[in-house]
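A.B. asks: So that we are looking at the same thing, I have put the structure below in structure tokens.
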């Protein structure tokens, strides 16, 4: 949501940027995705959006 800006993202999350780097490394380890790869970032982003839509009370209720 912040175009890859670490300072803006950390500020929005209310954490230090070092913590954000740690969390991003954890995401890479858990998912096996390389967040330096645009296709991998897109896959993760779409997955998160789909999860939001399918969640109970989500905007995409069918």
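A.B. asks: In degrees, nearest 10, range 0 to 90: what is the angle between the Cα axis of helix 38-54 and the longest Cα principal axis of the chain?
C.D. replies: Rounded to the nearest ten degrees, it is 40.
A.B. asks: Go ahead and estimate [θ] at 222 nm for the chain from helices alone: -39,500 (n - 2.57) per DSSP H run with n ≥ 4, summed, over the residue count, rounded to 500.
C.D. replies: -20500 deg cm²/dmol
A.B. asks: Per residue, how big is the convex hull around the C-alpha atoms of the chain? Give it to me in cubic angstrom, could you?
C.D. replies: Hull volume over Cα atoms, normalised by residue count, gives 108 Å³.
A.B. asks: Relative to the longest principal Cα axis of the chain, at what angle does helix 17-31 sit, 0 to 90 degrees, rounded to 10?
C.D. replies: 50
A.B. asks: Can you sort 40, 2 by how many other beta carbons sit within 10 Å, fewest first?
C.D. replies: 2, 40
A.B. asks: Oh, and also: Please find, in a Gaussian network model of the chain (springs between Cα atoms separated by less than 10 Å), the residue of 20, 48, 33 whose mean-square fluctuation is greatest.
C.D. replies: Greatest mean-square fluctuation among the candidates belongs to 48.
Bear in mind these aren't lab numbers, they're just calculated from the coordinates by the rules spelled out. Since the model is a prediction, treat every value here as computed from it, not as a measurement. No Cβ is skipped: glycine too gets one built from the backbone with ideal geometry, and neighbour counts run over all protein chains shown.
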